[in-house]
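A.B. asks: Pasting in a structure now, in structure tokens, and then I'll have a few things to ask.
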Amino acid sequence: MARRRFLSFLFLLLAAVAFAGFMALGIWQVKRLAWKEDLIARVEARVHAEAVAIPANWPAVREDSHEYQHVTVSGEYRPEAVSLVAAATEEGQGYWVMAPLQQADGRWVYINQGFVPQAERKAAEAGTFTPEGAVTVTGLLRMSHPGGGVLRDNVPAENRWYSRDVQAMAARQGIAPVAPFFVDAARTREALPVGGLTVIQFRNNHLVYAITWFALALGMVLASVLVLRHR
């Protein structure tokens, strides 16, 4: 009898600890849900707002406050310094055309002109799709993606890119100073490169996770009730 009581007490103690843990995780997921919904709302507001000049204070640019901001920038491209980044889009397999644009103050900003298919690689590398002279570009501000892709690292020495790492691209081309972000150009014409392909998607499974944790907490309560009734 004493052993049974001890085992019942131990089970109830563990159930109480588990209940507290599951409830804490559920509450944390509810908070994460509120944060994610607020983030999505803020990004939607940035995307559909009127375009503003790109930030001049580069160190102040942050992902949580500037990513996907609708911006505009003027300057001149350097067509011979284009870098191509491997891309898989709704248009198929190909490349992003990353072209450095120099502003009137001498500073550089990379522009993702858009997508070109694999068959157009040589033409894109030669600067065929990058206009000369003064241009004004409107699009969405994106933060640099250093290092490489999920499975492959960038190889700057061979001009092979799997992520849009603007600092590394600029270093290879001897371009400075360069912004720590780039601009995804909007689609303005039915021609290559194809702009406006920015994918704005946030995984938001926090409600499902919260329900799961709260369900497990409820399970601990029901199991404890059954043990007490058995006693």
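The values are calculated or read from the model by the stated rules, or taken from the named source; none is laboratory data. Here the structure is a predicted model, which means the values were calculated and not measured. As a convention, Cβ positions derive from the backbone with ideal geometry for all residues, glycine included, and neighbour counts pool all protein chains shown. Please note that ligands, DNA and RNA were not included when accessible areas were found on the heavy atoms of the full protein model with its side chains. Shrake-Rupley method; radii C 1.70, N 1.55, O 1.52, S 1.80 Å.
A.B. asks: When the dipole is taken about the Cα centre of the range 40-130, and only Lys, Arg (+1) and Asp, Glu (-1) are charged at their Cβ, what size is it in debye, to the nearest 20?
C.D. replies: Details: 7 positive and 12 negative charges, 33 e Å.
My answer is approximately 160 debye.
A.B. asks: While we're on this one: Looking at Ala124, Ala176, Val150, which one has the Cα that reaches farthest to the positive end of the dipole of the chain (charges on Cβ: Lys, Arg +1; Asp, Glu -1)?
C.D. replies: In the chain, that residue is Val150.
A.B. asks: Restricting to DSSP loop positions (anything but H, G, I, E, B) with no more than 12 other Cβ atoms inside 10 Å of their own Cβ, which trypsin sites (Lys or Arg not before Pro) remain in the range 36-129? Provide the component values of the computation, followed by the final result.
C.D. replies: Numbers: sites: Lys36, Arg42, Arg46, Arg62, Arg107, Arg121, Lys122; in loops: Arg62, Arg107.
For trypsin sites (Lys or Arg not before Pro) across the range 36-129 that sit outside H, G, I, E and B with at most 12 neighbouring Cβ atoms in 10 Å, the list reads Arg62.
A.B. asks: Using 7 Å Cα-to-Cβ label points, what is the Asp105/Leu151 separation (nm, one decimal)?
C.D. replies: Output for this residue pair reads 4.2 nm.
A.B. asks: Here is a further query. Any idea what angle helix 2-48 forms with the longest principal axis of the chain, computed on alpha-carbon atoms, 0 to 90 degrees, nearest 10?
C.D. replies: Approximately 30 degrees, to the nearest 10.
A.B. asks: When the chain is treated as a GNM, springs tying every alpha-carbon pair under 10 Å, which of Tyr110, Tyr68, Tyr162 comes out with the largest mean-square fluctuation?
C.D. replies: Among Tyr110, Tyr68, Tyr162, the largest GNM mean-square fluctuation belongs to Tyr162.
A.B. asks: For the chain, modelled as a Gaussian network with Cα springs under 10 Å, which listed residue fluctuates most, Ile111, Ile211, Ile175?
C.D. replies: Residue with maximal mean-square fluctuation among Ile111, Ile211, Ile175: Ile211.
A.B. asks: Still on this model: Where in the chain lies the longest segment free of GluC sites (Glu not before Pro) that are both loop residues by DSSP (not H, G, I, E, B) and have at most 12 other Cβ atoms within 10 Å?
C.D. replies: Working: sites that count: Glu50, Glu90, Glu132, Glu190.
That would be 133-189.
A.B. asks: Quick one: helix 206-230 against the long Cα principal axis of the chain, what's the angle to the nearest 10°, folded into 0 to 90?
C.D. replies: Around 10 degrees separate the two axes.
A.B. asks: Let me ask something else. Taking springs between alpha-carbon atoms closer than 10 angstrom, which of His145, His206, His70 fluctuates most in the Gaussian network model of the chain?
C.D. replies: Fluctuation is largest for His206.
A.B. asks: How large is the translational diffusion coefficient of the range 1-126 in µm² per second when you combine the Kirkwood radius over alpha carbon pairs with Stokes-Einstein at 20 °C and 1.002 mPa s? All intermediate terms of the calculation are to be shown ahead of the outcome.
C.D. replies: Details: Rh = 19.8 Å.
The calculation lands on 108 µm²/s.
A.B. asks: Of all alpha-carbon pairs in the chain, indicate the percentage at a distance above 33 angstrom. It would help to have the intermediate numbers written out before the result.
C.D. replies: Details: 10095 of 26565 pairs.
Result: 38 percent of Cα pairs exceed 33 Å.
A.B. asks: With the other protein chains left in place, how much accessible area per residue, in square angstrom, belongs to the chain at a 1.4 angstrom probe? Write out the running numbers ahead of the final one.
C.D. replies: Details: 13340 Å² over 231 residues.
Heavy-atom accessible area per residue stands at 58 Å².
A.B. asks: Please list the non-local residues whose amide H lies under 5 Å from the amide H of Arg160, H modeled 1.01 Å from N, same-chain partners needing a gap of 5 or more.
C.D. replies: For Arg160, whose amide H was placed from the backbone, the distant partners under 5 Å are Val155.
A.B. asks: Then there's this: Percent of accessible area on the range 175-231 owned by carbon and sulfur, 1.4 Å probe?
C.D. replies: Details: 2350 of 3660 Å².
Result for the range 175-231: 64 percent of the exposed heavy-atom area is carbon or sulfur.
A.B. asks: Counting only protein heavy atoms and using a 1.4 Å probe, what share of the accessible area of the range 105-154 belongs to carbon plus sulfur, as a whole percent? Each step should come with its number before you reach the end.
C.D. replies: Values: 1350 of 2590 Å².
Answer for the range 105-154 is 52 percent, counting heavy atoms of protein chains only.
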